[in-house]
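Written below as structure tokens is the structure these notes are about.
The values are calculated or read from the model by the stated rules, or taken from the named source; none is laboratory data. Being a predicted model, the structure only gives us computed values, none of them experimental. A quick note on method: Cβ atoms are made from the backbone with ideal geometry, for glycine too, and the neighbour counts reach across all protein chains shown. Note: areas computed on protein heavy atoms with side chains; ligands, DNA, RNA excluded. Shrake-Rupley method; radii C 1.70, N 1.55, O 1.52, S 1.80 Å.
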Amino acid sequence: MVKIKVFIPTYFDKFGCIADRCPDTCCIGWEVDIDNETAEKYSSLKGEIGNKIEKHLTRDETGCNIFTLCHGDICPFLNKSNLCEIHIEAGKDFLSKTCTLFPRFFDDFGSFREIGLGFGCPEAARIMLSEKEPFSLKIYEVITDEAEDIDEAFLCKLISLRAEFFTILRDEKLTFRNKIEIILSLAKDFQKSLDGDICDKNHNRTFCDCLAVLNEMEYINEDRKNFLNNLEDVESYENILIDYKDDFEKLMTYYIFRYLLKAVYDYDVLTKVKYGVFACVIISRIYAYFKEPDFEKRVEVMYSYSKEVEYSDTNMDLLDEAMYGSFSTKDLTEIL
């Protein structure tokens with residue numbers, strides 16, 4: 001056993017599931033994974049709830065425990081009031097780890113761990129968009145199993161690069177577009193230092209090419225996919241990035257925090273940065289579509305995009321492939 005440091009955003013502890021008051025639900029559209037420990041606990045439940053769990057608890061093709069979903073890909077334990085029957089009947093201790101932890105994410109990087117909130121939850125998105133203080137991390141320590149063996153020297157370089165990106169995003173003298181151009185340039189130079197040379201040829205991509213990537217993805221809510229077709233004729237204009245600069249700085253900060261250090265495993269730094277820029281491209285067009293979106297609409301836009309794209313391995317693979325080989329840094333800055 002070893003002691004490691006844990007880093008979490010200062011806003012992290014503000015989160016709490018708002019259950020039936022949530023404008024969306026994480027109990028529709030996603031397969032419900034049940035960890036082995038929770039599945040074992042279910043065997044102690046009797047009566048109606050125990051019988052219902054026994055009826056719906058099964059294993060998928062990989063041998064993992066799951067609940068069979070009802071028509072419309074709805075969790076069988078989501079009641080008409082958008083509340084969880086297992087939570088009501090058995091208590092929160094009988095929720096699976098997946099249900100308990102969402103939208104929190106956890107990443108171990110050798111000697112330390114980072115924990116954050118994902119944008120795919122309406123309440124988490126609301127907290128992050130309404131945060132007044134600059135992004136910062138607080139630290140505590142936990143005891144865990146032996147730390148993972150990774151390239152610590154490279155990880156230190158990534159941490160320094162990320163800190164530089166955060167500093168740029170906080171610079172009030174720069175426009176948001178300038179910040180993105182600088183960050184992409186630095187990421188590109190960093191990637192060159194790793195690979196010797198990289199292919200970053202301008203493909204003259206347009207916003208329609210961005211929509212083509214999204215249209216290849218799988219969707220929880222088909223209405224969201226259909227909505228994208230209405231964006232084709234929406235032009236990007238500078239006022240969106242000026243009027244809602246704070247939103248986009250927070251969005252880009254989130255992507256850099258959540259994904260950049262993962263490059264310690266594949267050494268692909270530039271693609272991780274492009275994830276965030278691509279999100280800014282799409283979301284700026286959606287903001288433009290709604291002309292002057294109020295705070296609640298902006299929260300909806302943020303969590304809807306994140307929920308559809310970030311929480312699907314298939315979709316993230318498609319995004320990764322597109323950002324790696326089909327969209328240059330120049331393409332993205334010109335589209336933005």
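Quick notes on this structure:
- Note on segment 75-115: residues that are loosely packed, with under 14 Cβ neighbours inside 10 Å and in a strand (DSSP E or B) total 1.
- Scanning segment 303-318 for residues that are of a type in the set (S, T, Y) and not in a helix (DSSP H, G or I), we see that the one that is nearest to C121 (Cα to Cα) is Y311.
- Which listed residue, of R177, R170, is in contact (Cβ under 8 Å) with a residue 24 or more places away in the chain and surrounded by 14 or more Cβ atoms within 10 Å (Cβ to Cβ): R177
- Only listed residue being assigned to a loop (DSSP other than H, G, I, E, B) and either open to solvent by less than 20 Å² (accessible area, probe 1.4 Å) or of a type outside the set (V, I, T) (or both), chosen from E300, E292, E321: E292
- Just one of the listed residues (D20, D35) is open to solvent by 70 Å² or more (accessible area, probe 1.4 Å), of a type outside the set (A, V, I, L, M) and farther than 30 Å from L155 by Cα, and it is D20.
- Per the listing D60, D107, the residue uniquely acidic (D, E) and closer than 30 Å to L194 by Cα is D107.
- Filter result (open to solvent by less than 70 Å² (accessible area, probe 1.4 Å) and either among the basic types (K, R) or touching a residue at least 40 places away in the same chain (Cβ under 8 Å) (or both)) within segment 48-71: I49, K52
- Looking only at segment 195-216, and only at residues there that are among the hydrophobic types (A, V, I, L, M, F, W, C) and under 13 Å from D268 (Cα atoms), the one that is surrounded by the most Cβ atoms within 10 Å (Cβ to Cβ): I198
- I8 vs. criteria touching an Asp or Glu at 6+ places or on another chain (Cβ under 7 Å) and either in a helix (DSSP H, G or I) or surrounded by 14 or more Cβ atoms within 10 Å (Cβ to Cβ) (or both): no
- When T58 is tested against (1) part of a helix (DSSP H, G or I); (2) farther than 27 Å from A125 by Cα; (3) over 26 Å from the mean Cα position of the chain (by Cα), just one condition goes unmet, and that condition is (1).
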